[in-house]
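First the structure, in the form of structure tokens, and then the observations on it.
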Amino acid sequence: MLLSLAILISVLSPSLTSKGKYSENDSASDCVKTFKSEEGKEGTFTSPRYPEEYSSGQQCKYEFIGNPEERVQVIFEEVQLYYISNDAKDPTECTSIDSIRVQIKDEGDLKDIGLFCGEMDNRQLMSPNQFMEVIFDSVEREESSIKAPFKGFKARYKFLTNFGIYTGIQDKADKCIFTFTSRQAKSGMFTSPNYPGDYPRNTECQYVFKGEMEEEEIVQIHFLTFSVEGIKPCTEETKSDSVSFSNFGFRISDRKMSKLCGNFLSTHQRTVTSDGPYFRVIFKSNSVYDDKGFEASYQFKKKKDNNHQQSAENNRYMNNPAASFRSRINSLVFFVFFLLVLC
């Protein structure tokens, strides 16, 4: 008799988590899920009862496990969480409030790569390996305190081998090496991994450009957007992510070509030109921070045509009195500043 009563109570009672309770319409399967690559390469996941209002006082965990060569990409299409402190679309504090925490595994330890609250859409994240975990927390409160319905969230996930890079020819071993040849296309675009979302940590990507040697081609790179976490001179000592360049056939950067990082490039830095038909762009991120990355264009040109273009631009500059005058003024200002420093 007692055993039957215990079974009846367990069936009728709402499921519990270690942190709180579910409503009668929620279940443990809604709140604890594991998505494996072998069961499907992409799909969607949501907060319990989405798009209806979620319950307070619960914690949900969504775990993603890919194959060793895969990365997990998650795109939060819509997030609408309970938030009353200030502007929900520009929250300043996400602790002790309903939130979404995104974690990755780094040498066996879980590390946060995002903590979100309030409202947002189309936020895109990627793991540096085949694991990712999303934790949805809603704090305990009186349901009557909610003045408006809050949907929770809806997100998409993908297990990717291309690092979210969709141009160029990828290395056959699914490494982050992409080749662009003049025969394939004379011009095009390329981006950092997972662009326009944050690039993953602990990731190195190489973009190899091969022009026609007989035509004496060169390649010109122009950065349209650039936001790579770091400070000059963009070295490991400053814990900086970086973009470097090489005219060589192996993975080392040219000492004569400066590494790039930060979120501001001068007009001169935005355009980089190779010495010859072979060129390599190397993007490298560490385990500390992440950022939006970059979007760039490339164009293969004949070297003599590029030299003619540069000569024409120099002639236009020299024949422009206003530009020449500004140049002399800038030189004079610099000279005066230099003298003041010496004094």
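Which residue, of E119, E140, E107, E133, is under 23 Å from Q58 (Cβ atoms) and modelled with pLDDT under 90? Steps first, answer last, please.
Working: E119 fails: modelled with pLDDT under 90; E107 fails: under 23 Å from Q58 (Cβ atoms); E133 fails: modelled with pLDDT under 90.
Sole residue among the options that is under 23 Å from Q58 (Cβ atoms) and modelled with pLDDT under 90: E140.
Return the residue satisfying two criteria in turn: it lies in the stretch 145-175 and is modelled with pLDDT of 95 or more and aliphatic (A, V, I, L, M), and of such residues it is surrounded by the fewest Cβ atoms within 10 Å (Cβ to Cβ).
Among those that are modelled with pLDDT of 95 or more and aliphatic (A, V, I, L, M), it is I169.
Considering each of F209, F178 in turn, give the residue that is buried (at least 21 other Cβ atoms within 10 Å of the Cβ), touching a residue at least 40 places away in the same chain (Cβ under 8 Å) and assigned to a strand (DSSP E or B).
F209
Does I75 satisfy being within 28 Å of E119 (Cβ to Cβ) and modelled with pLDDT of 95 or more?
yes
One line per residue, one yes/no per condition, for (1) in the same structural domain as K41 (by TED's automatic domain parsing); (2) under 29 Å from T203 (Cα atoms); (3) touching a strand residue (DSSP E or B) at 6+ places or on another chain (Cβ under 9 Å):
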site: P91; (1), (2), (3): yes, no, yes
site: C94; (1), (2), (3): yes, yes, yes
site: I97; (1), (2), (3): yes, no, yes
site: Q103; (1), (2), (3): yes, yes, yes
site: E142; (1), (2), (3): yes, no, no
site: C176; (1), (2), (3): no, yes, yes
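Go over the candidates P128, P193, P200 one by one and state the one that is surrounded by 14 or more Cβ atoms within 10 Å (Cβ to Cβ), over 30 Å from E53 (Cβ atoms) and assigned by TED's automatic domain parsing to the domain that holds I65.
Among P128, P193, P200, only P128 is surrounded by 14 or more Cβ atoms within 10 Å (Cβ to Cβ), over 30 Å from E53 (Cβ atoms) and assigned by TED's automatic domain parsing to the domain that holds I65.
When the stretch 226-246 is examined, which residues are found to be under 14 Å from F264 (Cβ atoms) and assigned to a strand (DSSP E or B)?
Correct list: F226, S227, V228, V243.
Those residues that are surrounded by fewer than 19 Cβ atoms within 10 Å (Cβ to Cβ) and either part of a strand (DSSP E or B) or touching a Leu at 6+ places or on another chain (Cβ under 9 Å) (or both), I need them from the stretch 102-115; list them, please.
K105, D106, D109, L110, K111, D112, G114, L115
Based on what the data block shows, is K292 more than 19 Å from Q206 (Cβ to Cβ), touching an Asp or Glu at 6+ places or on another chain (Cβ under 7 Å), modelled with pLDDT under 95 and surrounded by 13 or more Cβ atoms within 10 Å (Cβ to Cβ)?
It is false that K292 is more than 19 Å from Q206 (Cβ to Cβ), touching an Asp or Glu at 6+ places or on another chain (Cβ under 7 Å), modelled with pLDDT under 95 and surrounded by 13 or more Cβ atoms within 10 Å (Cβ to Cβ).
The values are calculated or read from the model by the stated rules, or taken from the named source; none is laboratory data. Every value quoted in this text rests on a predicted model; they were computed, and no experiment measured them. For neighbour counting, all protein chains shown are included, and Cβ atoms are generated from backbone atoms with ideal geometry for every residue, glycine included.
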